[in-house]
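Below is one structure, written out as structure tokens; the observations come after it.
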Amino acid sequence: MPFYKNLVFWAYTAAFLGVFSHATSEFFSVLSGVSGPEVSVWRYLLGSACLLVVALSLKSSRNLIEPLRKDGLRIVVLSVCGMSLGQLLFHWSLDFASIVQVATMVTTMPMGVMVADAIINKSRITTPKVISGLGAFGGVVFLLTDGYLEQLQLASGAIYGVLMALGCAVVGSIYLVLIRPLISEYGAIRMTTLTFVLGAGALWLVVGLAWGVWVDPTTLFERPPQAYLSLITLGLWNTCIGFILWLWGLSAAPDMGRANYLFFLKPVIAALLALAILGSSITAVQVAAIVVVCGCVLVEIFYDQLATLFGGRGAD
């Protein structure tokens, strides 16, 4: 079968493009000039609006009532306590901890998915997965700190941000495992749309009540061009397009835990983008870390083929 007709190929490609979208979200969050929980509300409101347009424009995803009629409570709980809570914790954590600390904790998500899948679906945690996961995470730590691990030391108040980032990884891992059967049944576009539309209302209310920040979408274009263009990009590219690709790719892959190892590439992509766009320098330690991360991810994804090639057992 040609590679372009292989569902597994497209699943991994979609998941990778979703990770690429995730890797650019920090750029536009910073450029927007909006900090903390408020930017997560803007992202949800604009992202859900884009998703609604996409869903309603396609016949296959237009019926948004059917999933709510059949699995309404389950979808609402996953939308509010899953994606919304995870995004809130992520953006809020950046108010306390550094980008390096937050990025390091969030990158534990692939290992969280592996554990959550084992607990919920009784899937096996194999030795190759553990080794490649630990190897990739170690490479991520060295990439983000440039080998100076003291950069991960917690300053006053940073512990709160680190714990919130860890909470984001845990919540996100459980969400990805639980949402997969719903995506398989109703499709990635419908489930992503419902997740963000329902989550947007909950997030808007929580941030308004807890922080006193009532986001008014009609004021979007009253901001400087850099701010509103960045927020629109967060909604359209980083949320609408990125999450559809990522969630569909993970749900269509034969082994979600293995496919989610692509998430380890997020800091690698961010580092390369910073090099290409911002002209940032890259050190020998960072280059070595990128090679380790990419190597571990590739070994995990192509483990069956490599095991067969070298005469080992091809199945995990």
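Values quoted throughout were computed directly from the atomic coordinates according to the rules given, and no laboratory measurement underlies them. Quantities reported herein were computed from a predicted structural model and do not represent experimental measurements. Neighbour counts run over all protein chains shown; Cβ positions are idealised from the backbone, glycine included.
Look through the stretch 126-172, keep the residues that are among the hydroxyl-bearing types (Ser, Thr, Tyr) and touching a residue at least 12 places away in the same chain (Cβ under 8 Å), and return whichever of them is nearest to VAL291 (Cα to Cα). Selected residue: SER132. Contact map, the stretch 219-230: first residue farther than 11 Å from VAL34 by Cβ, second residue among the polar types (S, T, N, Q), Cβ cut-off under 9 Å, separation 6 or more or different chains; pairs are GLN226/SER32; LEU229/SER32. Here is the figure for the stretch 26-56: residues that are in a helix (DSSP H, G or I) and surrounded by fewer than 21 Cβ atoms within 10 Å (Cβ to Cβ) total 12.
Test TYR261 against the criterion of being of a type outside the set (Val, Ile, Thr) and in contact with a Cys (Cβ under 9 Å, 6 or more places away or on another chain), and give yes or no. For TYR261, the condition - of a type outside the set (Val, Ile, Thr) and in contact with a Cys (Cβ under 9 Å, 6 or more places away or on another chain) - is met.
For the stretch 224-277, enumerate the residues that are over 23 Å from PHE9 (Cα atoms), of a type outside the set (A, V, I, L, M, F, W, C) and out of contact with any helix residue (DSSP H, G or I) (no Cβ under 7 Å at 6 or more places or on another chain). Break it down stepwise before answering.
Looking only at the stretch 224-277, we keep the residues that are over 23 Å from PHE9 (Cα atoms), and these are 224-236, 270-277.
So of that shortlist, the ones also of a type outside the set (A, V, I, L, M, F, W, C) come out as 224-226, 228, 230, 233, 235.
The answer is PRO224, PRO225.
Inspect the stretch 135-148 for any residue being surrounded by fewer than 16 Cβ atoms within 10 Å (Cβ to Cβ) and either in contact with a Pro (Cβ under 9 Å, 6 or more places away or on another chain) or farther than 18 Å from ALA271 by Cβ (or both) and give the result as yes or no. There is no residue in the stretch 135-148 that is surrounded by fewer than 16 Cβ atoms within 10 Å (Cβ to Cβ) and either in contact with a Pro (Cβ under 9 Å, 6 or more places away or on another chain) or farther than 18 Å from ALA271 by Cβ (or both).
Among the residues of the stretch 229-276, those identified as under 22 Å from LEU52 (Cβ atoms), of a type in the set (Phe, Trp, Tyr) and surrounded by 18 or more Cβ atoms within 10 Å (Cβ to Cβ) are PHE243, TRP246, TRP248. Applying the criterion of being more than 17 Å from GLY187 (Cβ to Cβ) and of a type in the set (D, E, K, R) to the residues of the stretch 33-82, the residue that is nearest to the chain's Cα centre (by Cα) is ARG43.
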